[in-house]
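Visitor: Could you have a look at this structure, given as structure tokens, before my questions?
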Amino acid sequence: MTQLCTKQSSLRPQTASQLKNDDISLQLDTLMIRPLSANPISAGQNGTFLTEEGGNNYSVIERLRIDPVLDQFSFSVRSAKKKKLNIKTTKEAWLKKTKPEDEKIHPFVDQSLNGLDNSDEYDTDIEEDFPKPENKYRADPTGIYRYQEKCIKSGILPISYLRRHIGRRNVRMRHHYLGGEASKAIAEALRVNTVTESLDLSDNYLKCCGARFIADMMLDNMFILHMNLSNNFIRTRGVEALSVMLQNNTTLKTLSLSGNQLCDRDAGLLVEGIKNNDTLQSLDLSNNNIGELGGIYLGNGLAINESLVDIDLSWNCITRKGAVGVAQALKSNKVLEVLDISWNGIGLEGAAALQKYLPANKKLRILDLTNNRITAEAAKKLAIGLKKNQVLETIILNQNAMKHEGVEAILKAAQVNLVLKLISLEEVGLNASNYNLMQELCVDRDLTILHGGTGGYKRPTAIKSTLNIFRVFLEEKGSDLKRALEQQDKEEVGGLYSEEVKYCLKDTGLRLTNRQLDMLIEEIDASTTGNFKYSDLLSINTITEHFKRKYSQCLSDNATVNSMTKHMGRQVTFT
């Protein structure tokens, strides 16, 4: 409704001169017309006012137009109820007048007049038909708010440890017995998390449903690089979901599924993900029930995979044709550098397959065959493959009944293969002639042979050889390791967790089995807290102290330690 007021109007119009000099809001206040803006309105401008018509009836006066030439002003009246105005708030806002005079629009206009338009061009209520969408979640880079909301909806108790650590790059939450429902809330939180890079949920009884929630989360999360789901009984349905995740995820580098009771069928499902993934670099399938058929499946996957650098198949049941399938993959695989197939049972057939396919491999550097039923005949076949291989640096043959003939065949192969740097024959029978042959090999070239000695005399230890390999690695790639550790230490505190150090060692090229890496980290971490200063590692101080602490008492000649310490301190210097 539009009204025109002149001098005969009950609103008592003002003259042009008066309109120019007087505050219109004060003139109209006597007529119980209150502007919604606390600022004065000059002649020729528009304004929005509130008038009381009697009782509790209110009207809104919009687009008040002052015309100084015609000495009149016009306005439109709209019911306050139609606009659902809060009259009490309106009157309070007008009476307070707390805003500065230089503010053009009172904030109340935006807060209380939902959809009220002061434009001269149109007048519409369409805003009421299309309400503004509301954000379901607030800014939540860690996912903590989403986790709390999910816990409330599901009726579960939030885990205080997760609430404290979900904002960290390394989330290590083991042995919490989460189950499926609690893991669903965690997965929803991690779905929007942009901080965490390493996730360890081992031994939480996730089962297949929990594994499915985590796998579905990884389809959206592109920030987690390392994930440990070992000892969670994920079974077939969980593996199926993880296989789909591997086919679509493009950031995950390390995945551990150890101790999940996986069988041959699960290995076949997982292979589909391995075939179509080109970013996963390390896969741990140890301590499962993968058998002969599973070995064939995995061999087919490894043959065409182009990203896996390290795979752990230890403590399974891979025998005969399964071992042949894994060995056959070495012929065409061009990226795998660490193969741990210890504690299986490859036997004579597996050794014969290695004899055939090892010479063709150009990448494998570490092969662990501990306790694999390798007899003297199998050792002789394996030795033939070692003679022709030109890249293998470490072979571990502990706890195999090779007898003296088998040990002799391996040692003679080492005489021909000049690339080998470490041979481990611990808990393997050794006679005097073979012991003398070992000594000659170690003197003539840079080769470390671990053995039980003759009666335990001068017996080398695994940790000593591992530290020696690490020393050589520091001499060659110490600057690269330093750069990787500094990049991992984003908070610049000078300390990292053991898992983070392990990732850096792998990324910079240190090729050891998982057991060797764990042994190395445990020995370097003198505080045994899992968190240590990597500067000591780079400056070789920790290794030096280790040798002094561990071996000075058991070695009769202390000059061995002193010479090694002097050599290591001289060789490793970084800028």
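Visitor: Which numbered condition trips up ASN468, out of (1) at pLDDT 80 or above; (2) open to solvent by 30 Å² or more (accessible area, probe 1.4 Å)?
Guide: Among (1) at pLDDT 80 or above; (2) open to solvent by 30 Å² or more (accessible area, probe 1.4 Å), the lone unmet condition for ASN468 is (1).
Visitor: Let me ask you something else. Working only within region 388-411, note down all residues that are more than 39 Å from the chain's Cα centre (by Cα) and under 21 Å from GLU426 (Cα atoms).
Guide: Correct list: ALA401, MET402, LYS403, HIS404, GLU405, GLY406, VAL407, GLU408, ALA409, ILE410, LEU411.
Visitor: Can you find, within region 420-437, the residue that is farthest from ASN372 (Cα to Cα) among those that are aliphatic (A, V, I, L, M) and open to solvent by less than 40 Å² (accessible area, probe 1.4 Å)?
Guide: LEU437
Visitor: Does at least one position in region 504-526 carry a residue that is more than 22 Å from the chain's Cα centre (by Cα), at pLDDT below 75, more than 26 Å from ILE341 (Cβ to Cβ) and open to solvent by 20 Å² or more (accessible area, probe 1.4 Å)?
Guide: Yes, because at least one residue in region 504-526 is more than 22 Å from the chain's Cα centre (by Cα), at pLDDT below 75, more than 26 Å from ILE341 (Cβ to Cβ) and open to solvent by 20 Å² or more (accessible area, probe 1.4 Å).
Visitor: When the residues of region 281-299 are filtered to those that are in contact with a strand residue (DSSP E or B) (Cβ under 6 Å, 6 or more places away or on another chain) and not hydroxyl-bearing (Ser, Thr, Tyr), which remaining residue is farthest from ASN514 (Cα to Cα)?
Guide: Ranking the candidates gives LEU283 first.
Visitor: Restricting the first residue to region 329-342 and requiring it to be of a type in the set (Gly, Ala, Ser), which pairs with a second residue that is not in a helix (DSSP H, G or I) meet a Cβ separation below 6 Å and a spacing of at least six or different chains?
Guide: Partner pairs satisfying both residue conditions: SER342/SER314; SER342/ASP368; SER342/THR370.
Visitor: Return the residues of region 480-491 that are without any contact (Cβ under 8 Å) to a residue 40 or more places away in the chain and under 19 Å from the mean Cα position of the chain (by Cα); say none if nothing qualifies.
Guide: ALA484, GLU486, GLN487, GLN488, GLU491
Visitor: For residues that are β-branched (Val, Ile, Thr) and outside any strand (DSSP E or B), scanning just region 327-384, find the one that is surrounded by the fewest Cβ atoms within 10 Å (Cβ to Cβ).
Guide: Filtering first and then ranking leaves VAL335.
Visitor: Turning to a different aspect of this structure: Condition first: touching a Ser or Thr at 6+ places or on another chain (Cβ under 8 Å) and within 19 Å of VAL472 (Cβ to Cβ). Can you find one or more residues in region 414-421 that meet it?
Guide: yes
Residues checked against (1) closer than 23 Å to HIS226 by Cα; (2) modelled with pLDDT under 95:
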{"residue": "GLU272", "(1), (2)": "yes, yes"}
{"residue": "ASP278", "(1), (2)": "yes, yes"}
{"residue": "LEU283", "(1), (2)": "yes, no"}
{"residue": "ILE296", "(1), (2)": "no, no"}
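Visitor: Another question, then. Mind counting the residues in region 307-328 that are farther than 22 Å from VAL391 by Cβ and in contact (Cβ under 8 Å) with a residue 40 or more places away in the chain?
Guide: Looking only at that region, the number is 0.
Visitor: Moving to a separate point now. What single numbered condition from (1) open to solvent by 20 Å² or more (accessible area, probe 1.4 Å); (2) in a helix (DSSP H, G or I); (3) more than 15 Å from SER183 (Cβ to Cβ) fails to hold for ALA241?
Guide: ALA241 satisfies every listed condition except (3).
Visitor: Just one of the numbered conditions (1) part of a helix (DSSP H, G or I); (2) at pLDDT 70 or above; (3) surrounded by fewer than 18 Cβ atoms within 10 Å (Cβ to Cβ) is not true of GLU491; which one?
Guide: Unmet for GLU491, out of (1) part of a helix (DSSP H, G or I); (2) at pLDDT 70 or above; (3) surrounded by fewer than 18 Cβ atoms within 10 Å (Cβ to Cβ): (1).
Visitor: Which pairs turn up if I take residues in region 493-522 that are of a type in the set (D, E, K, R) and look for partners that are open to solvent by 30 Å² or more (accessible area, probe 1.4 Å) with beta carbon separation below 6 Å, at least 6 apart in sequence or on another chain?
Guide: These pairs meet every condition: GLU500/GLN488; ARG511/ARG365.
Visitor: VAL324 passes all but one of (1) in a loop (DSSP other than H, G, I, E, B); (2) open to solvent by 10 Å² or more (accessible area, probe 1.4 Å); which number fails?
Guide: Of everything listed in (1) in a loop (DSSP other than H, G, I, E, B); (2) open to solvent by 10 Å² or more (accessible area, probe 1.4 Å), VAL324 misses just condition (1).
Visitor: Has region 268-288 got any residue that is on the phi < 0 side of the Ramachandran plot, within 12 Å of the chain's Cα centre (by Cα) and of a type in the set (Val, Ile, Thr)?
Guide: no
Visitor: Still on this structure, I have one more. List every residue pair whose Cβ atoms sit under 6 Å apart, with the two residues 6 or more apart in sequence or on different chains, where the first one lies in region 286-306 and is among the acidic types (Asp, Glu) and the second, anywhere, is assigned to a helix (DSSP H, G or I) and open to solvent by 60 Å² or more (accessible area, probe 1.4 Å).
Guide: GLU292/ARG320; GLU292/LYS321
Visitor: TYR145 is checked against (1) open to solvent by less than 80 Å² (accessible area, probe 1.4 Å); (2) modelled with pLDDT of 90 or more and fails just one. What number does that condition carry?
Guide: (1)
Visitor: Right, something else. Tell me yes or no: at least one residue of region 214-221 is of a type in the set (A, V, I, L, M, F, W, C) and out of contact with any helix residue (DSSP H, G or I) (no Cβ under 9 Å at 6 or more places or on another chain).
Guide: No.
Visitor: Go through region 214-230 and report how many residues are in contact with an Asp or Glu (Cβ under 8 Å, 6 or more places away or on another chain), free of Cβ contacts under 8 Å to residues at least 40 places away in the same chain and under 17 Å from GLY179 (Cβ atoms).
Guide: 1
The values are calculated or read from the model by the stated rules, or taken from the named source; none is laboratory data. Just so it is clear, the structure is predicted and the values come from calculations on it, not from any experiment. Reconstructed Cβ throughout: ideal geometry from the backbone, glycine too, with neighbour counts over all protein chains shown. Ligands, DNA and RNA are excluded from the accessible area calculation, which covers all protein heavy atoms including side chains. Shrake-Rupley method; radii C 1.70, N 1.55, O 1.52, S 1.80 Å.
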